[in-house]
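Values in this text are rule-based calculations from the coordinates and carry no lab data. On a predicted model such as this, the values are computed, not experimentally measured, just so you know. A quick note on method: Cβ atoms are made from the backbone with ideal geometry, for glycine too, and the neighbour counts reach across all protein chains shown.
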Amino acid sequence: MSEKAPLNSIDAIVKLGSFVFDETTEYELDETCSWVNDLFNELEEGVEREEEDYSLGSIACDLSLKRKSGKPFGDHLLVKGNIRAKYMTPCVRCLKLTSQEVEAHFQSCLVPQRLEKEPEFEELDDVFTENEEYALYFHDKGNADIAEMVHENLFMNIDHFPLHDPNCLGLCTECGQDLNTGTCKHQNVQ
């Protein structure tokens, strides 16, 4: 049996019924997939791409989806993924654009939303199935929000306090002078 080439597009919300039970479907996604491009744009939100220090980044997401059925989850979807991005964002101290990289590996199990209210699922964040641990997510009547799951895993792994340099001096709180490039009269007043 020959290997299928990975697909390069998937809808943000997939229907479990479109996947064959116990068959793995592979995806290699990049900016050409609209919701993946939206993730990249969110990473660079507020960045002026015309700025001198701006350099074009990239995003790639590899997904492996497998539809399963059986106790205790019923019809569910196993997702293994890896998302990588290189993007520009402002330094939190001086606002100078800085290049950042993020990589997130994740495994998720999307089970029917009706199970969310069951006592055995109320306190769970992870489930163990197929001899592996998966983060617990829910699908709504067979509609699985893949984009939201990938979004959450990506943004849990970014640096929320990016610095262009660990020794960045930041901006003067009085006049806004970039203290990395010069001094101001407010520095000596304390």
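Observations on the model:
- Extension gain, K117-R84: 0.36 nm per intervening residue step, less the Cα-Cα distance, totals 8.5 nm.
- H186 long-range amide H proximity, modeled H, under 5 Å: none
- Straight-line reach from K66: taking Cα to Cα under 21 Å and skipping same-chain neighbours fewer than 8 places apart, the lysines in range are K4, K15, K80, K141.
- Remark: the S55-H105 segment gains 15.5 nm on full extension, using 0.36 nm per residue and subtracting the alpha carbon distance.
- Inter-centroid distance (Cα atoms) of the stretch 1-59 relative to the stretch 88-151, Å: 16 Å
- Relative contact order, percent, the chain [alpha-carbon distance under 8 Å, six or more residues apart]: 19 percent
- For N180, residues with placed amide H under 5 Å, excluding near neighbours: L169, G170
- Loop sites by DSSP among the GluC sites (Glu not before Pro) of the chain, restricted to those with at most 12 other Cβ atoms within 10 angstrom, leave 53-122 as the longest stretch without any of them.
- Virtual spin-label span in nm between V92 and N157, 7 Å along Cα→Cβ: 2.0 nm
- Modelled this way, with points 7 Å down the Cα-to-C-beta line, the labels at V20 and E148 are 3.0 nm from one another.
- Between the helical axis of 146-155 and the longest alpha-carbon principal axis of the chain there is an angle of about 40 degrees.
- Secondary structure note: in the chain, about 85% of the DSSP beta bridges are antiparallel.
- 0 to 90° range, to nearest 10: angle between helix 34-43 axis and the chain longest Cα axis: 30 degrees
- For a paramagnetic label modelled on T129 (point 7 Å from Cα along Cα→Cβ), amide N atoms under 11 Å away belong, within the stretch 10-30, to 22.
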